[in-house]
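A.B. asks: First the structure, then my questions, so here it is.
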């Protein structure tokens with residue numbers, strides 16, 4: 001390992017290509033933290049946006065007019081506004097309205113930190129698209145299949161959980177994966193409210209080292225690889241979910 | 001609610017049903033005793049399928065009364081679950097759950113709806129699959145089975161709920177001629193076991209063989225009915241005669 005680190009130090013000395021996070025321990029720790037913050041933020045948002053999508057699509061099928069209206073209003077607001085504006089709205093508008101709590105240094109801090117707001121904001125953002133994606137899948141489930149479950153005495157909730165959702169899920173996986181890939185890329189917006197994710201940490205490093213070009217190239221490749229791995233995993237999952245003899 | 005086997009198991013009285021302006025059922029009455037096998041025949045669009053779909057409340061009715069073991073179906077406070085535990089249904093398009101194997105299709109409702117123990121439900125399901133002569137196909141998905149095989153799984157799925165009466169909605173209409181026989185054979189076994197069956201069918205030979213009573217419907221009313229021998233040989237109504245002359 002040390003040998004590789006030294007190689008990059010020499011690379012810098014010989015060519016001027018400066019990748020300090022590969023030879024300097026302090027910068028390396030920053031980059032590692034940024035990497036894991038991005039992963040963690042992505043996972044949290046993936047999870048909650050999927051939950052929002054599933055529940056939202058279920059509520060959209062409600063027989064109460066106002067339930068449907070509220071869900072549709074939520075979708076319109078979050079789909080038709082820029083995610084950065086949403087993030088600022090949560091962090092600066094809602095965040096400042098909430099009570100503050102005493103912190104360890106004798107001062108006061110907001111009740112929710114920037115990571116929590118980024119997670120909430122991005123989950124709602126991606127969740128709005130997920131509701132629409134799940135709804136399209138639910139509509140693709142044949143009414144006759146649902147009827148068969150009704151005739152067997154399944155309750156509405158059982159039908160949704162055991163029949164509609166598993167079938168809809170397989171239909172929407174490609175669209176869902178697309179949205180989730182977008183979500184992972186959108187986590188870079190958390191940079192704007194100082195969540196120490198990859199882009200933020202890269203900025204810290206280039207501010208100290210004045211190596212903007214190198215950091216930008218690195219970031220581009222880092223996200224390319226990260227999302228590439230995600231897409232590969234999703235494609236495997238799509239294949240694994242295929243029902244023998246069903247669909248194309 | 002105090003129904004005794006001396007009374008009709010299914011009692012349909014003066015039933016009217018409209019889809020918007022389309023008046024589909026115009027006062028239909030018929031009784032089915034326990035253990036009876038009745039066949040409803042008639043031209044397309046005469047309301048046969050609609051009628052049996054009303055019996056398990058998949059369609060509601062505007063006027064009249066349908067009683068299943070004393071339970072009034074045309075009642076806003078109807079407990080559909082209770083009704084559907086008594087009434088099984090088999091559909092023209094099988095409507096199996098495509099993401100579940102044959103065995104799981106049969107087990108699912110007993111486990112979910114009747115809260116049966118999984119191992120007991122599986123044992124019953126295996127026995128039913130054997131009964132419909134599909135041993136060895138337990139782990140096949142519906143998409144891997146032929147139409148006739150799927151329909152027999154659908155019959156087993158319906159039987160797993162231990163209904164008191166089964167509705168068959170043109171269950172052979174979507175099948176290849178070669179596989180019609182195997183499905184009819186299965187239904188015949190059921191009838192011989194004493195299962196109460198209401199069939200909508202175009203299989204006249206089959207109707208003549210297994211039915212206790214035949215009803216001929218046209219344009220929303222019962223034109224003529226009787227035991228198969230008299231019905232097929234001495235039809236009195238001109239519409240019945242015309243229909244039979246086209247079919248036989």
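A.B. asks: Quote the Stokes-Einstein diffusion coefficient, in whole µm² s⁻¹, for region A:79-158, based on the Kirkwood radius over alpha carbon pairs, a temperature of 20 °C and a viscosity of 1.002 mPa s.
C.D. replies: Translational D for this selection: 133 µm²/s.
A.B. asks: If you don't mind, there's one more thing I want to ask. Which order, highest average first, do A:121-131, A:196-206, B:222-232, A:94-104 follow once you tally other Cβ atoms within 10 Å for each residue and take the mean per peptide?
C.D. replies: A:121-131, A:196-206, B:222-232, A:94-104
A.B. asks: For region B:13-64 and region B:230-248, what is the separation of their C-alpha centers, rounded to whole Å?
C.D. replies: One Cα centre to the other: 21 Å.
A.B. asks: Averaged across the residues of B:95-103, what count of C-beta atoms belonging to other chains lies within 10 Å of each residue's C-beta?
C.D. replies: 5
A.B. asks: Sticking with this structure for a sec: Rounded if a/c is under 1.5, else prolate if a/b is larger than b/c, else oblate: which is region A:37-76, with a ≥ b ≥ c the root eigenvalues of its Cα gyration tensor?
C.D. replies: prolate
A.B. asks: While we're here: Once you have the Cα-Cα distance between residue A:239 and residue A:77, take 0.36 nm times their residue separation minus that, and quote the gain in nm to one decimal.
C.D. replies: Contour length minus Cα-Cα distance gives 54.9 nm.
A.B. asks: Could you list A:193, B:120, B:40 in order of exposure, starting from the residue whose Cβ has the fewest other Cβ atoms within 10 Å?
C.D. replies: B:120, A:193, B:40
A.B. asks: Could you list, bin by bin from short to long, the percent of Cα-Cα pairs of region A:16-121 in 5 Å steps?
C.D. replies: That works out to 2, 10, 12, 14, 16, 15, 11, 8, 5, 3, 2, 1, 0, 0, in percent per bin.
A.B. asks: Moving to a separate point now. Across the residues of B:136-143, average count of Cβ atoms on other protein chains within 10 Å?
C.D. replies: Across B:136-143, the average partner-chain Cβ count within 10 Å equals 2.
A.B. asks: Counting other C-beta atoms within 10 Å, which of A:133, A:54 has the fewest, and how do the rest follow?
C.D. replies: A:54, A:133
A.B. asks: I need the shape label for chain A. Rule: rounded when a/c is under 1.5, else prolate if a/b > b/c, else oblate, with a, b, c from the alpha carbon gyration tensor.
C.D. replies: Verdict is oblate for chain A.
A.B. asks: While we're on this one: Give me B:178, B:122 ranked fewest to most by other Cβ atoms within 10 Å of their Cβ, as a rough exposure proxy.
C.D. replies: B:178, B:122
A.B. asks: Tell me what the protein assembly as shown gives for mean residue ellipticity at 222 nm when only DSSP H runs of n ≥ 4 count, each as -39,500 (n - 2.57), the sum divided by the residue total, rounded to 500 deg cm²/dmol.
C.D. replies: -17500 deg cm²/dmol
A.B. asks: Right, next: On a 0 to 90° scale, report how tilted helix A:212-240 is relative to the longest principal axis of chain A, with both axes built from alpha carbons and the result rounded to the nearest 10.
C.D. replies: The answer is roughly 30 degrees.
A.B. asks: How large are Rg and Dmax for chain B when calculated on the C-alpha trace, in angstrom?
C.D. replies: 18.0, 56
A.B. asks: Shifting gears a bit: When the C-alpha atoms of region A:135-248 are aligned to their principal axes, what extent does each axis show, in angstrom, from largest down?
C.D. replies: Between the extreme Cα coordinates on each principal axis of region A:135-248 lie 69, 30, 16 Å.
A.B. asks: Right, next: Once you have the alpha carbon radius of gyration of the protein assembly as shown, what is it after dividing by 2.2 N^0.38 Å, with N set to its residue count?
C.D. replies: 1.37
A.B. asks: With an 8 Å cut-off on Cα pairs and a minimum separation of 6 or more residues, tell me the relative contact order of region B:10-247 in percent.
C.D. replies: RCO, region B:10-247: 27 percent.
A.B. asks: Given that compact globular proteins tend to follow 2.2 N^0.38 Å, what is the ratio of the alpha-carbon Rg of region B:74-209 to that value?
C.D. replies: 1.02
A.B. asks: Any idea how far the Cα center of region B:212-228 sits from the one of region B:126-197, in Å?
C.D. replies: The two parts, judged by their Cα centres, are 25 Å apart.
A.B. asks: If you don't mind, another one. Relative contact order of chain A, please, whole-number percent, based on alpha carbon pairs below 8 angstrom and at least 6 residues apart.
C.D. replies: 25 percent
A.B. asks: Counting only C-alpha contacts under 8 Å and six or more residues apart, can you give the relative contact order of region A:110-220 as a whole percent?
C.D. replies: Result for region A:110-220 is 32 percent.
A.B. asks: Determine the distance separating the Cα centre of region B:86-114 from the Cα centre of region A:169-248; give it in Å without decimals.
C.D. replies: What the calculation gives is 40 Å, centre to centre.
Readers should treat all values here as calculations from the given coordinates under stated rules, not as data from a laboratory. What you are looking at is a predicted structure, and each value in this text was computed from that prediction instead of being measured. Glycine also receives a Cβ, built like all others from the backbone with ideal geometry; neighbour counts cover every protein chain displayed.
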